[in-house]
Amino acid sequence: MALPYEIFVGLRYLRAKRRNRTISLNTFVSIAGITLGVAALIGTVGIMTGFKEDIQAKILGTTAHIIVQERMKENMTEYDPLVEKIRTVPEVVAATPFVLRQVLLTTQSGVQGIVLRGIDPERESQVTELAKNMATGQLADLLTPVKVRQAPVDDPQGEAQMVEKPGIILGRELAGRLGVFTGDIINVVSPVGPISAMGMVPKIRTFAVVGLFHSGMYEYDSSLAYIELGEAQKFFNMGDSVSGIEVKVTDVFRADEIARNIEHELGFSHGARDWMQMNRNLFSALKLEKTMMFLLLVLITIVASFNIVSTLTMIVTEKQKEIAILKAMGATRRSIRRIFMLNGLIIGFSGTAIGIPLGYAFLWLIERFWTFDASVYYISKIPVHVLAEDVLLVAGSAILISFIATVYPANQAAKLEPVAALRYE
């Protein structure tokens, strides 16, 4: 068989004669270059994928998979029948109404603009992970008014009385900015209020902090607060209407398809947006960053391929007599070309085979021993996840670059004429 013969000759040519160890050194450097390139690529794509999935999990832990809203109106009326209708759509797990408005929170020590969400505490835990993200308190605490001591409004120096206040849940970072803890009083100011002779008067209502949540994303923990759905409807004068309906589905990666099914079920008057649409800019940026890092680190493999070119060129120069003898014995140009292409592929396969486990070992060391202060960086360790398709892409690109590097020296060897090589022998 021709193939075992060509492999044997190719492996023999990768080792230099005793008087010339440069070829063996170049072979080692070529394999090392491919190894480092593959290991760097495995490490980079593993970390980038880990960060993407970590952010994805935190987003889906706070927001719903799909949001359904009216197309033509700001608020949605008669939402209970719509919730039941959405639940009948295949692959929909749960649905619940919500209210969403921007407000100001004021305390004695600070003022902060936030997004206030009105939720049904009993059904919210079926749609999002908010109940699991509670650092202190529970969602059910929003259903029970809190009794707090408050001085009379007309006589601040008078004796404090026990009054009932509706509850509010704040993000942990938001509570830190405002300097409040569980049980403290906070003022919620709506910029949209009743119109008087002096113009629009902001509406202010006092709430008691009944819990703090920690989602793991600073943007959410510093700008979100939750109150009970009915309290939100009264505070914003919405009557029996809501901002929209949150939906949870079985497969988050098919949320766009399920959203289209919901739109078809409800009709044109209602629109549905999935979580990928709502966070398109973020995930597009992460995907672009991962792609650019991959392309930049491929340069390491390309640099290593130049070593393959130089190594094979030196082999061709040193083995001119042997190549001429092989041709004189009947070896074809294709056979000679195949020998040197196999040399390059052997280097590529060897570097890839060593680089992949080396990349995994690098990621294991990072995940195991590289820790952070979670209170500062919001993560305690670097998230790592290597996908099989990424490994195949890295291995395929390394082997392909190694193969391309063999084309020129292999063609030069195939063109060698036996007469010219053996003329002075």
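The values are calculated or read from the model by the stated rules, or taken from the named source; none is laboratory data. Note that this is a predicted model, so its numbers are computed, not measured. With ideal geometry, Cβ positions are generated from the backbone for all residues, glycine too; neighbour counts draw on all protein chains shown. Remember, those area values only see protein heavy atoms, side chains included, never the ligands or the DNA or RNA. Shrake-Rupley method; radii C 1.70, N 1.55, O 1.52, S 1.80 Å.
I'd like the full set of residues that are touching a strand residue (DSSP E or B) at 6+ places or on another chain (Cβ under 6 Å), within 15 Å of I168 (Cβ to Cβ), open to solvent by less than 60 Å² (accessible area, probe 1.4 Å) and not acidic (D, E), limited to the stretch 131-146. If the condition is that a residue be touching a strand residue (DSSP E or B) at 6+ places or on another chain (Cβ under 6 Å), within 15 Å of I168 (Cβ to Cβ), open to solvent by less than 60 Å² (accessible area, probe 1.4 Å) and not acidic (D, E), then M134, A135, T136, G137, L142, V146 are the ones that fit. Checking A259, A304, A285 one by one, the residue that is crowded, with 20+ Cβ neighbours inside 10 Å, out of contact with any strand residue (DSSP E or B) (no Cβ under 7 Å at 6 or more places or on another chain) and small (G, A, S) is A304 and no other. Within the stretch 43-66, being of a type in the set (V, I, T) and either over 21 Å from the mean Cα position of the chain (by Cα) or modelled with pLDDT under 90 (or both) holds for T44, V45, I47, T49, I55, I59, T62, T63. Applying the condition of being over 29 Å from E164 (Cα atoms) and among the basic types (K, R) to the stretch 210-256 and asking which residue is most open to solvent (accessible area, probe 1.4 Å) yields R254. If the condition is being of a type in the set (D, E, K, R) and either at pLDDT 90 or above or open to solvent by less than 20 Å² (accessible area, probe 1.4 Å) (or both), then the stretch 92-122 contributes R101, R117, D120. Of a type outside the set (F, W, Y) and outside any helix (DSSP H, G or I), is that true of V298? Criteria not met by V298. Looking at the stretch 150-170, can you tell me whether even one residue there is modelled with pLDDT of 90 or more and farther than 24 Å from D240 by Cβ? Yes, the stretch 150-170 contains at least one residue that is modelled with pLDDT of 90 or more and farther than 24 Å from D240 by Cβ. Go through (1) open to solvent by less than 40 Å² (accessible area, probe 1.4 Å); (2) at pLDDT below 75; (3) of a type in the set (D, E, K, R) and name the single condition D390 misses. Unmet for D390, out of (1) open to solvent by less than 40 Å² (accessible area, probe 1.4 Å); (2) at pLDDT below 75; (3) of a type in the set (D, E, K, R): (2).
Screening the stretch 272-281 for residues that are over 14 Å from V83 (Cβ atoms) and touching a strand residue (DSSP E or B) at 6+ places or on another chain (Cβ under 6 Å) and picking the one that is most open to solvent (accessible area, probe 1.4 Å) gives R273. Among the residues of the stretch 210-242, the ones that are under 20 Å from M134 (Cα atoms) and in a helix (DSSP H, G or I) come to 5 in all.
In summary, L174 fulfils each of the numbered conditions (1) open to solvent by less than 60 Å² (accessible area, probe 1.4 Å); (2) at pLDDT below 90; (3) part of a helix (DSSP H, G or I) with the single exception of condition (2). Considering only residues that are under 18 Å from E78 (Cα atoms) and part of a helix (DSSP H, G or I), look in the stretch 262-271 and name the one that is most open to solvent (accessible area, probe 1.4 Å). In this case the residue turns out to be E265.
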